[in-house]
Amino acid sequence: IKRIGVLTSGGDAPGMNAAIRAVTRVALNSGIEVFGIYDGYRGMVDGHIEPLTRKEVGEVIDRGGTVLGSARLPEFKDPSVREKAVEQLKKRGIEAVVVIGGDGSYRGALALTEMGINCIGLPGTIDNDITSTDYTIGFDTALHTVVEAVDKLRDTSSSHHRCSVVEVMGNRCGDLTLWAGIACGAEIVVTAQTGFDEEEVLERLRELDLVRKKRHAIVLISEKITDVHQFARKITQTTGFSGRATILGHIQRGGSPTPSDRVLASRMGEKAVDLLMQGIGGRCVCIQQNEIVDVAIEEALSVPRESRKQLYNLFERLV
Ligand code: F6P
């Protein structure tokens, strides 16, 4: 293999740059040319593709976001759109591509592989919602961001006998909320897995106030479950706490990646290039029990979500 491309797609995640750097440096050091494809699949279709040098991926390991830019391109499902993308790659002699992104990006990578362009997926998303890997690139950094924010909210909540309701990202996956709940010592976590019984949560808050005499309460709620501002008003009206809502939003997607994310991205980037050098495509890189492994993309997309039961139990035992 002589030429590969690399792109980032979907929601950006801290550590994507470290992955781009690893792919580029490992490939160049193995005698393979590397092309950066800008703005995800959009740049592939439009031919926004430029060679990457060792220097260009220097000084990016500590930067959040993605220097290649990212986009969501639902039209990529259309075979005629993908044909255009394949033409652009062929024109430049690009034989294979490393796709860094979430599950939507993996579907594109699989479709391209079926069209003769070997693709390897790397899990770049703060959501940790790719079930075949224990961790995705960006999750650890986002977790640090959430924990730092919630620690600050606890200070002020405690001073004012307040309940902070904090909305956490994760798409439909509750991992960021659950991990943050354990790490911050939150009182309540609400995710798609726990379900949301509003009256039950209010009752627990009344108990924390009246029986446990808590000075504050932190409720972490995964996004897309309820309107946290409305819920905070109900807390004020029906419990002894005064409720305040905070939507952490896209703050969670930014920032310098943690050392763990940088190392994970580097290990995964290396694996992606090694697979392409062996002529392998249609697979994605995962970390399982601290081993870097690869699985078929179809399989990765169909692994059922782990229940996290033990961690939810642990959370309840810590309250
Ligand atoms: O997938 C990452 C993520 O930040 C999710 O947590 C969130 O639901 C979504 O992307 C937000 O998407 P956008 O940046 O397009 O608003």
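General observations
- From phi via Karplus (6.51, -1.76, 1.60), per-residue ³J(HN,Hα) for segment 308-319 in Hz, x at Gly/Pro: 6, 3, 4, 6, 5, 4, 4, 3, 5, 6, 8, 6
- Under 5 Å, built H, 5+ apart or other chain: amide partners of Arg215: none
- Cα-based shape type of segment 64-204, given that a ≥ b ≥ c are square roots of the gyration tensor eigenvalues and the cut on a/c is 1.5: prolate
- In this simple spin-label approximation, Thr226 and Val147 carry label points 7 Å from Cα along the Cα→Cβ vector, and these lie 2.7 nm apart.
- Net lengthening on full extension, Ile251/Val263 (0.36 nm per residue, minus Cα-Cα): 2.1 nm
- 5 angstrom amide H check on Ala245, placed H, neighbours 5+ away: Val165
- Gyration tensor (alpha-carbon) shape descriptor, segment 1-112, a/c threshold 1.5: oblate
- Segment 191-314: C-alpha gyration tensor shape, a/c 1.5 cut-off, then a/b vs b/c: prolate
- Computed from the C-beta positions of Gln278 and Thr238, the FRET efficiency with R₀ = 51 Å rounds to 0.25.
- Computed from the C-beta positions of Glu198 and His161 and an R0 of 22 Å, the FRET efficiency is 0.55 to the nearest 0.05.
- Under the simplified labelling scheme, the Glu56-Arg3 pair shows an inter-label distance of 1.3 nm, with each label point 7 Å from Cα along Cα→Cβ.
- Mean separation of Cα contacts under 8 Å, 6 or more apart, over the residue count of the chain: relative contact order %: 23 percent
- Of the solvent-accessible surface of the chain, computed with a 1.4 Å probe over protein heavy atoms with every protein chain present, carbon and sulfur atoms account for 48 percent.
- When the convex hull of its Cα atoms is projected in every direction, mean area for the chain (nm²): 16.1 nm²
- The alpha-carbon of Lys214 sits under 29 angstrom from the alpha-carbons of these lysines, leaving out residues fewer than 8 places away in its chain: Lys152, Lys224, Lys234, Lys309.
- Hz values of 3J(HN,Hα) by residue in segment 213-223 - Karplus curve (6.51, -1.76, 1.60), Gly and Pro given as x: 6, 5, 7, 8, 8, 10, 10, 9, 10, 5, 4
- Residue-normalised accessible area of the chain, given per residue in Å² at a 1.4 Å probe: 44 Å²
The values are calculated or read from the model by the stated rules, or taken from the named source; none is laboratory data. Computed from a prediction, not measured in an experiment: that's the story for all the values here. Cβ coordinates were reconstructed from backbone atoms using ideal geometry, including for glycine residues, and neighbour counts include every protein chain displayed. Each accessible area value is taken on the protein alone, full model and side chains, heavy atoms only, with ligands, DNA and RNA left out. Shrake-Rupley method; radii C 1.70, N 1.55, O 1.52, S 1.80 Å.
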